[in-house]
Amino acid sequence: MSACRAPRRLTSRRRITLLAAGVAAASLTLSACGDGASGGSSQTRFVQGKNGIDTVTKDERQPAPDLSGETTTGKKLDVADYKGKVVILNVWGSWCGPCIAEAPNFAKVAGETKTKGVQFVGINTRDSEKSQAVSFEEEHKVPYPSLFDPTGRLMLRFPKGSLNPQSIPSTIAIDRHGKIAARSIGPVTEDDLRKMITPLIAEK
């Protein structure tokens, strides 16, 4: 009898592991192309702005997680290499209507702020093929690279209680020291982007 029970317990553990992974994936699927709740845990210490931009004071900011991998064009990219610059991360998908609507805003502001020490980086998610993302970038004249993240694993790396991406699209601002400084959930306008970026450019 005991020889039969051991495999059953192992199978049960495997089921729990698979269930947990499924819940994580489902949470991203449910938030895709929709506004997620902008709140966090009780440890979250951010100011929710009337303009929909959440910010964190310098002394409360958390380090950005490891965000590295291949871009949509097959090149290696590590966001940590941009330390010393203000980094604007945009989580997007070619299938996402709000992402299409905001694409011109990102292209324009990225061009305006490039000489001011600002680097835009996309995180393309839930596109099964890189060619889908590349077609989007070409059509909308996206002037900056995007990490290819079809399963959403990079989104799950953001620390608990931080300004993490909770929907697609989401925009995250990282300060010159590599710390998470601001977030906007849902599509953003040119003015939204400037309001996120301008204070961080002024920081030393």
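Descriptive notes on the structure:
- Residues (closer than 24 Å to Gly74 by Cβ, aliphatic (A, V, I, L, M) and buried (at least 21 other Cβ atoms within 10 Å of the Cβ)) located in segment 129-171: Ala133, Val142, Leu147, Leu154, Met155, Ile168
- Among residues of segment 129-152 that are over 24 Å from Lys114 (Cβ atoms), those with a beta-carbon under 8 Å from a residue that is open to solvent by less than 80 Å² (accessible area, probe 1.4 Å) and part of a helix (DSSP H, G or I) at least six positions away or on a different chain give the pairs Thr151/Ala25; Gly152/Ala25; Gly152/Leu28.
- Where a residue in segment 44-66 is of a type in the set (Ser, Thr, Tyr) and its partner, wherever it lies, is at pLDDT 95 or above, with Cβ under 7 Å and at least six apart: Thr55/Ala181; Thr55/Ala182
- Residue check for Gly161: modelled with pLDDT under 95 and either of a type outside the set (S, T, N, Q) or farther than 22 Å from Asp59 by Cα (or both): yes
- Whichever residue in segment 67-102 is small (Gly, Ala, Ser) and free of Cβ contacts under 8 Å to residues at least 60 places away in the same chain and, among such residues, is surrounded by the fewest Cβ atoms within 10 Å (Cβ to Cβ): Gly74
- Qualifying positions in segment 176-204 - in a loop (DSSP other than H, G, I, E, B), in contact (Cβ under 8 Å) with a residue 40 or more places away in the chain and open to solvent by 10 Å² or more (accessible area, probe 1.4 Å): Arg176, His177, Gly178, Pro187, Thr189, Glu203
The values are calculated or read from the model by the stated rules, or taken from the named source; none is laboratory data. Since we're looking at a predicted model, the values are computed, not measured. We place every Cβ from the backbone using ideal geometry, glycine too, and count neighbours over all the protein chains shown. These accessible areas exclude ligands, DNA and RNA; they are computed on the full protein's heavy atoms, side chains included. Shrake-Rupley method; radii C 1.70, N 1.55, O 1.52, S 1.80 Å.
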